[in-house]
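Comments concern the structure below.
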């Protein structure tokens, strides 16, 4: 497993080895030993989510109220997507920073988003399946969004795309409008009980 630290504090890209032969392939996009070595804590899976999108669907920018917050571990199970990570945590050393990872079924890269970090992706194929491991159950009242096309964010979406957005994402507030309810960096560390000693 190869690990790359992203521009957002605490976020990582993980690239597993992919074993291919004439039958197909075998890959492990999530490996606890590599995850713990990179992050210093275990990942408690409370729920697994899948989304399926046609080309040019843009989902996000989503984050969860903190506390309690929700961390995510995301990979692409089919197709191809441009995955964007944005630091929305007030007081974070990388507040406002973003990074982009292309997820597909050639590399099987995965992205870890710590609590308080925003997530969005653009489907680059006609049938893109995204798989999410998350640390808390879904509760609609805790789910928030920021418009992924907000000029203040200036996220690095490709030009010339006729984005397909849900009504929720199209009418989501701008970063400026959401600023008062963004997570505080100090509230984004729920893993004390699962920290791993050096």
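Throughout, read-outs are computed from the coordinates displayed, never taken from laboratory work. What you see is a predicted model; the values in this text were computed from it and never measured. Reconstructed Cβ throughout: ideal geometry from the backbone, glycine too, with neighbour counts over all protein chains shown.
A few remarks follow.
- Pairwise Cα separations in the stretch 1-103 fall into 10 Å bins from 0 onward with the following percentages, short to long: 11, 40, 38, 9, 1, 0.
- In the stretch 52-130 the Cα-Cα distances spread across 10 Å bins starting at 0 as 20, 49, 25, 5 percent of all pairs.
- With Cα atoms as the point set, the stretch 95-198 shows a radius of gyration and Dmax of 15.7, 48 Å.
- Taking every alpha-carbon pair under 8 Å whose residues sit at least 6 apart, the chain reaches a relative contact order of 30 percent.
- Cα centroid separation - the stretch 10-87 against the stretch 102-154, whole Å: 9
- Inverse mean reciprocal Cα-Cα distance (Kirkwood Rh) of the chain, Å: 17.1
- Straightening the chain between residue 50 and residue 3 buys 14.6 nm, computed as 0.36 nm per residue apart minus the Cα-Cα spacing.
- Straightening the chain between residue 21 and residue 154 buys 43.7 nm, computed as 0.36 nm per residue apart minus the Cα-Cα spacing.
- Net lengthening on full extension, residue 138/residue 170 (0.36 nm per residue, minus Cα-Cα): 9.4 nm
- The simple spin-label model puts a point 7 Å past each Cα toward its Cβ; for residue 78 and residue 127 those points are separated by 0.5 nm.
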